[in-house]
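Rule-based calculations on the coordinates, nothing more; no lab input. Treat the numbers as computed from the prediction; the structure is a model and nothing was measured. As a convention, Cβ positions derive from the backbone with ideal geometry for all residues, glycine included, and neighbour counts pool all protein chains shown.
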Amino acid sequence: MKRLIARQPLFNAREKVTAYELVFGFDTAKLFEGEEIKAELPDNIRGRLYGSSSSTNGKQLDVGIDITPELLLGQDLRQLSKKTVVLYLREPFDFTAEHLSAIKRWKEEGFRIALGPYATEDQYYEMAQLASQIIVDFRGKNEMELAFVPTWCKSYQIKTLAHNVESRAEFDVAKRLDYDIFHGPFFHKAEYVEKTAIPGFKLNYLRLLQEINQSDIMFERLESIIKQDVSLTYGLLKYINSAAFGLRTEVESVQHALTLLGLNLVKKWASLVVVGNIGKGLPEEALVTCMIRGKFLEALGQRVGLGQRGDDLFFMGIFSLIDLFFSRPLEEILDEMPIKNDIKTAILGQEGQLGALLGMVIAYEEGDWEPLQACATTLRLEEDQVVEIYFDALDWTQNMFVASA
């Protein structure tokens, strides 16, 4: 059986992804039960956990995983990559001299240890001196509580991780309080401003997005829209002439490029370009999330008898975060776009079969396994299928970003 596992980004203060946290739907100890579990993990996750040359955007990124105090005392952790894995011990525990000795040993071997805010208490002093990070859960805490840990950590040169940062306002607080690392959905939460006209350049991208979402899409209209924007024309020709397609002769016209790509690839390319251009200035991971949602939903639809609505589901994933790009409420933006009513309803209230699929995708992002499993049961999907589709969506999105770079 495939193993439920979600990948969540960790950011620096400039909102660049510096690592990922892995959320497991199984006991971490299973990571060490022979080769079978390793074979079930996707290549990029397996590489980061156990060591390989796997990378993201040309850079090897760390992964944080939760472990138990019991794992400290054995030898299993040696299977993990000390170069990339950060070991989380978030919850307080009755540590002994043996635990302390084990943490010292793992640190000497090159592992980094992250502890919860309990480490600032006097009885954990010796352990805290061995930590590389202190993780603070932002949920339900006031600013005074949140301010203590980074102040304490600076005295010992320990980094602080602001965990479960839900909104832009909380992210601003975390930065002001001098946290070093940031986790949570804040990066794809919109900040609404007073309604203003959509800038001209964004209108053209919006027209392209509307056109590829039409049931009677025509290449002639697409060609006209693309030709009106130099960056769209350049981007399309760069994409079709990239090494990914391996063409022997260079394509020089928009019409030729559209014909060679075909309708499905044109839609995917246009989606990525539109999201990338409208979303300039946003964290790249927000754009990545849009594309993952789209591809995840499209593939899920095929498994539940909605294959004929693959394009609708793909765009539903993108439109589910469209408020982020225009800083206006979702309902307001969706009312201005020619989107089918059941898609609007699904995005706004996660109702019906489409809404259940979107809810499943969001639950997977959050590593919220109980509602995910409930949705899977309702839609008659096997967990194995959902896991496979999720990581296929991750790989597809990464390849799309590389091809368009």
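General remarks:
- Here the range 5-188 is treated with +1 on each Lys and Arg Cβ and -1 on each Asp and Glu Cβ, and its dipole about the Cα centre works out to around 820 debye.
- Cβ-based exposure ranking for VAL165, VAL85, in which fewest neighbours within 10 Å come first: VAL85, VAL165
- The fewest-to-most ranking of ILE65, ILE217 by surrounding Cβ atoms within 10 Å reads ILE217, ILE65.
- Set against the labelled values (1) 1.00; (2) 0.95; (3) 1.02, Rg/Rh (Cα atoms, Kirkwood Rh) computed from this structure falls on (1).
- Amide H to amide H distances under 5 Å link ILE5 with GLY25, where only residues 5 or more positions off or on other chains count and H is placed in the peptide plane.
- Per the Debye formula on identical point scatterers at the alpha carbon atoms of the range 200-404, with no solvent, log10 I(q)/I(0) at q = 0.09, 0.16, 0.18, 0.19 Å⁻¹ is -0.34, -1.07, -1.31, -1.43.
- Candidate aspartates and glutamates - alpha carbon under 19 Å from LYS280, same-chain residues fewer than 8 apart omitted: GLU15, GLU191, ASP229, ASP323
- The range 108-249 - convex hull of the alpha-carbon atoms, volume per residue in Å³: 232 Å³
- Summing Lys and Arg as +1 and Asp and Glu as -1 over all other residues whose Cβ lies under 14 Å from the Cβ of HIS99 gives a net charge of -2.
- Cα coordinate range in the range 5-188, projected on the principal axes (Å, largest first): 46, 41, 26
- Only Cα sites of the range 267-338 enter the Debye sum here, all with the same form factor; the resulting log10 I(q)/I(0) across q = 0.17, 0.23 1/Å is -0.62, -1.03, listed in q order.
- Within the range 5-188, DSSP assigns beta bridges of which about 35% are antiparallel (rounded to the nearest 5).
- Assuming charge only on the beta carbon of Lys and Arg (+1) and of Asp and Glu (-1), the dipole of the chain about its Cα centre is about 1200 debye to the nearest 20.
- Counted as membrane-span-like here are DSSP H helices of the chain whose alpha-carbon atoms extend 27 Å or more along the helix's own axis and whose Kyte-Doolittle mean is -1.0 or above; these are 284-303, 383-404.
- Coil-residue trypsin sites (Lys or Arg not before Pro) of the range 303-405, DSSP, other Cβ within 10 Å capped at 13: ARG380
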